[in-house]
1. For the range 53-100, give me each residue that is touching a helix residue (DSSP H, G or I) at 6+ places or on another chain (Cβ under 8 Å), over 15 Å from Ala135 (Cα atoms) and among the hydrophobic types (A, V, I, L, M, F, W, C).
2. Among strands (runs of 3 or more DSSP E) lying entirely in the range 267-375, which contain 2 or more residues that are closer than 30 Å to Arg82 by Cβ?
3. Taking the range 145-170 as the region of interest, how many residues are surrounded by fewer than 18 Cβ atoms within 10 Å (Cβ to Cβ), of a type in the set (Val, Ile, Thr) and under 19 Å from the mean Cα position of the chain (by Cα)?
4. Looking only at the range 256-274, decide whether some residue is over 30 Å from Asn236 (Cβ atoms), touching a residue at least 40 places away in the same chain (Cβ under 8 Å) and surrounded by fewer than 17 Cβ atoms within 10 Å (Cβ to Cβ).
5. Does the range 217-239 contain any residue that is farther than 30 Å from Phe76 by Cβ, touching an Asp or Glu at 6+ places or on another chain (Cβ under 7 Å), surrounded by 16 or more Cβ atoms within 10 Å (Cβ to Cβ) and not assigned by TED's automatic domain parsing to the domain that holds Val51?
6. Being farther than 13 Å from Arg317 by Cα and at pLDDT 85 or above is the filter here; which residues of the range 353-366 pass it?
Amino acid sequence: MMLKRIASKFVTRLVACLIIAVAFSSILSNISTVYAQEKFDTKALYTVTGVLVDVREKNAAQAKLKAISDAQLKAFAILAQRLTSPAAAKRLKALGRREVGRMMASLSVEQERSGPGRYIARMTIRFLPEKVRQAFQNAGASFTEEQSPKIVIIPIWNGPEGPVIWQENVWRQAWIDLKAENSLVPIIIPLGDLNDSQALSAEDAIAGHETKLGAVKIRYQADAILVAVATPKTKNSIHATLKGASPLGIVAFDKTYQAKENEDLKALSSRIATRFHFVMLDKWKKKVGTKGAGEAPPQSFSISVPFSSVAEWNNIRIELLTTPGVTGVDVNSISDRGAVVQLTYVGAFPDLQQALKAARLNLALYGGQWVLQPF
């Protein structure tokens, strides 16, 4: 009997230990999953999808190489608009292909077509967060990485034949083409499948039926749902609205947009959707604030750059363009022996001089003229 009791206690303790081990393993797994999700979210924020390029060159191979380079610049411009202020994004356009290329983590092709001397593709560009943050800091650009909660957008095309919600139309496609799922303000466009069509009609959405809209919001695990209605007024104008409560605050966009030259309703719809999302991004950034170096206004002055050869000038120019704080190098005049350039920078002037010294360039005042030369 004693042996049985000892054996019973041993089995009970063993089972208890196994339960504790399983529970601890589950906790570790959950922690690991949360940590992985956090890392994924950060990486997703620095991923730009749907970058469209269309390049013509002497042959398809050269066109593809240029398209990849163009896609990097285009994606970085989108990323800068996503994370920084409009003024900072404009300054960051001064970064060249080499600087942007150093920040790229990977590139993948979503779709591509090629022909004689032409390459067309839609690409996804992933950037290295640390490299991008450093570029923002060097340019004196404040930024934010705090994403807003997800927002579901219900696009409705209110044409002559009545409102259309789930069928294909230029307005719905414009919102899908934003590919803003990873944006600072993540936008979710419903699939438009049987579940969606049974849950919500165009009339219900326009009327603001809270219960039915709420069902769609819950399905896509979002914090808000907004209805975007586009009504074509003429062959070249659209009246667009986007209204409702959101994490950004109350959204109330209501405007008629005129098409530009050679812009059809499809292109106009795309421009409006992009504009609406841009304003949403701006509202969110103002709400949460930004971090970083701050938005010091850029400063500009004229400098003289003597050189002995074209090769030396090219080297100096490259060093200038890659110097932290320098946002613009505009050539006012150039000759065989030197150039006069307008240098634009952000930050303190002593910091600019130190950064130039690190690049083995000396900026000093001679006879009332700033002169830059290697040492």
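1. Hits for the range 53-100 are Val53, Val55.
2. 299-306, 326-334, 338-345
3. Within the range 145-170, residues that are surrounded by fewer than 18 Cβ atoms within 10 Å (Cβ to Cβ), of a type in the set (Val, Ile, Thr) and under 19 Å from the mean Cα position of the chain (by Cα) number 0.
4. no
5. So far as the range 217-239 goes, no, none of its residues is farther than 30 Å from Phe76 by Cβ, touching an Asp or Glu at 6+ places or on another chain (Cβ under 7 Å), surrounded by 16 or more Cβ atoms within 10 Å (Cβ to Cβ) and not assigned by TED's automatic domain parsing to the domain that holds Val51.
6. Passing the criteria: Gln353, Lys357, Asn362, Leu363, Ala364, Leu365, Tyr366.
The values are calculated or read from the model by the stated rules, or taken from the named source; none is laboratory data. All figures in this text were calculated on a predicted structure; none of them were measured in a lab. Here Cβ is always computed from backbone atoms with ideal geometry, including for glycine, and neighbour counts include all displayed protein chains.
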